[in-house]
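Inspection log for the structure reproduced underneath, given as structure tokens.
Please treat every number below as a calculation from the coordinates, not as lab data. These numbers were taken from a predicted model, which means no experiment stands behind them. Note that each Cβ is placed from the backbone with ideal geometry, even for glycine, and that neighbours are counted across all protein chains shown.
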Amino acid sequence: GTPEMWQLPLDGGTWHKVAGPPLSNGLSCLDVLVFDRANARLLVLSGGWPRGDVYALSLQGTPTWTQLPTDQAWYPYGGSAIYDAHAHRFLAASGDDGWMWSFDVDDPAPAWTHLKLTGAGPDNTWSSSAIYDAGQHRLVLFGGTAGDVPDAITNRTWTASLDDAPAWRRLGVLDEATPGLGGAFLAYATDAHEILRLGGNDGGEAFVYRPDHADWQS
């Protein structure tokens, strides 16, 4: 069906339609939707096809879609993408070891640029799950399919620091008893400094990662 934007008041209200899709043929799957508080708008990054398109929905007055001017960023289909709320930018894994795509949404002439990371990273991984860890200003990435081998699903967890010297680092240890997953849901619990993981393409069990543990705990 055609994707639409709906809103649900959390005080006991009911769902109502806010806006239709930004394009007549809608958006693709695997998109990233975030709330840009500073500019009172929603931002959508297209994650499937076309990749790298960014749209904004103003929440002031009549909700109106606009497309931010940019050419496409060629990260893998289903590649991991997050919104860095600190720097007001989208980040997407490029599929090339050591690089990510970066898109500054506050730039008057926004464009995708390459961001170089040091250290050994996850290389070409798609259908992995990622969140932005605001407390430590880093990307956290879990699982996904490694390379071009359909069954090569990994259970590794990586972090990418987003400071002045961006770098990849393995988080925790590799537990062979933990199944590899693609398409899992991740959430960051700010007060508890925990990362929560649920679902994926091979199960629905919930896990949590805490800084005082070596790996995920069920």
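Observations
- Amide H to amide H, with H built 1.01 Å from N, R156 comes under 5 Å of G143, counting only residues 5 or more places away or on other chains.
- A simple spin-label model places pseudo-atoms 7 Å from Cα toward Cβ; at A111 and A165 they are separated by 2.9 nm.
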